[in-house]
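Have a look at the structure below before the remarks.
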Amino acid sequence: MKRIFLTLIISLICLGAASILFSFAKKTGGNTEIGQGENYYPSQLPSSGNAFITASLNSNFIPLRNWTVEEPNILAKAAGVFDPNGDKFLYQKNIKEKLPIASLTKIMTAIIALDNLGLDEIITISKKTVMTEGENGRLVIGEKLSARDLLYIMLIESSNDAAVALSDAVNDFLSLMNKKAKEIGLEHTNFADSTGISAENYSTIVDLARLAEYSFTQKSLMWQILGIKEIEISSQDGKIKHHLLNINKLLNEVNQIIGGKTGFTDEAEGCMIVINRIPNKTGEYLVTIILGSKDRELETKKLIEWVEKSYVW
């Protein structure tokens, strides 16, 4: 009888402890590991109709870290390496600081264009478009290009002309950019134009990790384009050719990179978002982000290499 009574008491104690741990996990977004604190990315996305994102972000798988590997010396104003599967930043520096993002803006520009334009919709290039600051793209007044072709030109060569051509084809484009930012939970992000020229285009590493994850899972065409090294695009009549070379130099240096977007203005300095595969983990990837860097490619490469040496999945 005493043995039964003791067993019952122990069972009740265990149930109580489990209940407390479960309650704590809910309050901390599933993070029960002591000392992680703000290493964790906000685990709950607003409802987006995409079960994969929610399941991925809530899985909370934590890779093992080799603490003997020294962190790289990153001089950028802010940086982060985000693991969507583990819902965690593996590296972070000033991840909540609001900074100008230059042409990383064009990720949102592409999202809004894909939401509101048919890929085969024909757009005529205006004088206003060609007069936009920046030389990449080399569009010609009066030439006709599809929305798909303009996406290629904008994303591969970071053409401001192509960004303006796409945004001018949709009513209230800028308003839609900021509305979309709120919908997907970018709490500290603002868009002032579709190109990234203005320093009022700003965000944080945390928000950009969310934007990259959303665009990668919801707008896969964008990242297919961002992974292309070289391609030729023609106007609708075939008379004008645009030979595009991807300005992301790391595509030729780091094999596991799926794609990436670069940015630069005097105010923002070098910016970069890269999505790369995790070696030996099919279908899993990391998001590496750099803001305010004197050498965005070098610092991005340093972080990718450091993660490979430091973590075991």
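The values are calculated or read from the model by the stated rules, or taken from the named source; none is laboratory data. All figures in this text were calculated on a predicted structure; none of them were measured in a lab. Positions of Cβ are generated from backbone atoms using ideal geometry, with glycine treated the same way; all protein chains shown enter the neighbour counts.
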Worksheet item: Does Thr217 satisfy the criteria of being in contact (Cβ under 8 Å) with a residue 60 or more places away in the chain, within 24 Å of Trp313 (Cβ to Cβ) and hydroxyl-bearing (Ser, Thr, Tyr)?
Response: yes
Discussion item. Go through the range 194-208 and report how many residues are more than 15 Å from the chain's Cα centre (by Cα) and surrounded by fewer than 24 Cβ atoms within 10 Å (Cβ to Cβ).
Written reply: 4
Worksheet item: Out of all the residues in the range 261-301, which are in a strand (DSSP E or B), of a type outside the set (D, E, K, R) and on the phi > 0 side of the Ramachandran plot?
Response: Gly292
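Using the structure shown, decide if Ala199 is part of a helix (DSSP H, G or I) and aliphatic (A, V, I, L, M). Steps first, answer last, please.
Details: part of a helix (DSSP H, G or I): no; aliphatic (A, V, I, L, M): yes.
No: the conditions fail for Ala199.
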Discussion item. Asn73 - would you say it is modelled with pLDDT of 90 or more, at positive phi and not assigned by TED's automatic domain parsing to the domain that holds Thr217?
Written reply: no
Worksheet, complete the sentence: Reported set for the range 255-268 where residues are more than 18 Å from the chain's Cα centre (by Cα) and modelled with pLDDT of 90 or more is Thr265, Asp266, Glu267
Worksheet, complete the sentence: Of the residues in the range 279-298, those that are out of contact with any Ser or Thr (no Cβ under 7 Å at 6 or more places or on another chain), touching a residue at least 40 places away in the same chain (Cβ under 8 Å) and hydrophobic (A, V, I, L, M, F, W, C) come to Leu286, Val287, Ile289, Leu291
Practice prompt. Give just the number: which of (1) surrounded by fewer than 20 Cβ atoms within 10 Å (Cβ to Cβ); (2) under 27 Å from His243 (Cβ atoms); (3) in contact (Cβ under 8 Å) with a residue 60 or more places away in the chain does Asn116 not satisfy?
Written response: (2)
Worksheet item: Which pairs do you get when a residue that is more than 14 Å from Ile123 (Cα to Cα), found in the range 153-167, comes within reach of a residue that is surrounded by 24 or more Cβ atoms within 10 Å (Cβ to Cβ) and modelled with pLDDT under 95, reach meaning Cβ atoms under 6 angstrom, with the pair 6+ apart or on two chains?
Response: Glu157/Gly137; Ser159/Gly137
Item to complete: Could you tell me which residue of the range 264-278 is nearest to Gln224 (Cα to Cα), considering only residues that are touching a residue at least 60 places away in the same chain (Cβ under 8 Å) and out of contact with any Asp or Glu (no Cβ under 8 Å at 6 or more places or on another chain)?
Response: Ile275
